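Encoded as structure tokens, the structure appears first; notes follow it.
The values are calculated or read from the model by the stated rules, or taken from the named source; none is laboratory data. Everything numeric in this text was worked out from a predicted model, so none of it was measured. Heads up, the Cβs are rebuilt from the backbone with ideal geometry, glycines too, and the neighbour counts pull from every protein chain shown. For accessibility, only protein heavy atoms count, side chains too; no ligands or nucleic acids. Shrake-Rupley method; radii C 1.70, N 1.55, O 1.52, S 1.80 Å.
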Amino acid sequence: MANFLYTTRTINSKDFVYMALYHTHRPQDFGSVVGQEHIVKTLSNQILAGTVAHAYLFFGPRGIGKTTTARLLAKSMNCTERKKDSAEPCNACASCLEIGRGSALDVIEIDAASHTGVDNVRENIIDNAQFRPTKSAYKVFIIDEVHMLSTSAFNALLKTLEEPPQHVLFILATTELHKLPDTIVSRCQRFTFSKIPSDALKAHLAHIASSLGVTCEESVLNHIVQKSEGCARDAISLLEQVMATGEKHITAASAAFLLPPSAAEEVVALTTAIVHGETHTALQTIQHLYDQGFQFLQFTDDCIAFLRTLLIAQVTPQYIDTLALEAATKKSITELSSSLTQKKLIALIEAFFDARAQLRQTPMPQLPLEILAVAQTQTDPMSASPVSTPLPPGAALPTQKAIPATPPPATDTVQMEENTPLPASEEPKKQSLAKKVKA
Ligand SMILES: [Zn+2]
């Protein structure tokens, strides 16, 4: 029986080089699992109460501890020295050591992504499950990426799940729950793994680094956490790449080869200028980006992500505390989100989406953002009250000269038309203004 340990991921070779740290720092007990407290607690309670199910389904994004938790469950169930009042494996008995090394005959890991045929399932799982464990209490099957099994493989597996032998424990893991047949899902106890919260991931990275005698600047850890988006495996792989410099104190400068200084400052600068109606500053920021060779598409995406953060922070202020960002950036988020109405914020996000679409066609990469900056700052300063206060009845419309160089948004015109009853004599002027807006 082949044991497919450590061959279960579709990763590129570069990642593979940097997986050593992830494996050496894989949690060896439930207490060390990062960011999945609710699952660890439930499983621990079941182990203590003797109510462990025969089949589990671990669902959630990649790299956040599904396989690790599955191995811990296998370890705990087969540990011969586990204390009666603890769910933790001893990590010292023969079984724990074998599972830790990946050489336990009774813990069978299968990567469904590379063994999708029904024959493999029959041979590796169904037939094998009928035999008693070689020397452990349980025979544990960990099937990674289980959604990749073929229909006939699922059918074969379903029969075993319906009447599982007493000594068998199935742990199915998937990133794509919707691809699993309902019949399989309903036979399993389901646990949903969440992305790891920023703070927990950051503390984990700092802990790994310090265990190796390395310290990291806060901004480096923040950057890694942001870039890995709650995926521990990616985060640890990035940390390892950063640590490959051999330095004992890693600064933003020394990590720049891997984590190029983010445009966070420029994103905040441009957004702030736009919100405060400072056209000149906004254009200067864009010119600076151009001079520094920033990728405008990436920068625009960063701006959209930043504005999204503002939007969520408006609705849920405590959201800011959960972000792995510099204190100054958090302060800007608080200030900006409180000085913008939700409507204007949404309009601004849409304007960035428009600019993004234009970016793909323009021969001048800075132009769409420049247009956005001028349009958004000159028509209607975002933090002030609306420019388009309805005119009192009978008041004359601004003359052609008074019309700003950049026409006001069409919505203002609509508002003027709806809210301002005009004397008949003003009709022609109104039409010309509307025409001007359309032009
Ligand atoms: Zn043990």
Task: Whichever residue in the stretch 240-256 is part of a loop (DSSP other than H, G, I, E, B) and within 22 Å of Leu325 (Cβ to Cβ) and, among such residues, is modelled with the lowest pLDDT - done: Ala256
Task: Failed item, numbered, when Ala104 is tested on (1) of a type in the set (A, V, I, L, M, F, W, C); (2) open to solvent by less than 60 Å² (accessible area, probe 1.4 Å); (3) away from the ligand (no atom under 16 Å from the Cβ) - done: (3)
TODO: Only helices (runs of 4 or more DSSP H) wholly contained in the stretch 12-101 count here; list those with 2 or more residues that are away from the ligand (no atom under 13 Å from the Cβ), within 25 Å of the chain's Cα centre (by Cα) and over 22 Å from Ser194 (Cβ atoms).
DONE: 13-17, 20-24
Task: Matching residues, the stretch 134-145, being crowded, with 19+ Cβ neighbours inside 10 Å and either outside the structural domain of Val107 (by TED's automatic domain parsing) or not hydroxyl-bearing (Ser, Thr, Tyr) (or both) - done: Lys139, Val140, Phe141, Ile142, Ile143, Asp144, Glu145
- [ ] Grab the helices (runs of 4 or more DSSP H) fully contained in the stretch 262-354, keeping just those with 1 or more residues being under 22 Å from the mean Cα position of the chain (by Cα).
- [x] 264-275, 296-315, 327-339
TODO: Within the stretch 43-63, identify whether any single residue is closer than 28 Å to Ser237 by Cα, open to solvent by 20 Å² or more (accessible area, probe 1.4 Å) and modelled with pLDDT under 95, and answer yes or no.
DONE: yes
Task: Any hit, the stretch 113-131, residues being within 16 Å of the ligand (Cβ to nearest atom) and in contact with a helix residue (DSSP H, G or I) (Cβ under 9 Å, 6 or more places away or on another chain) - done: no
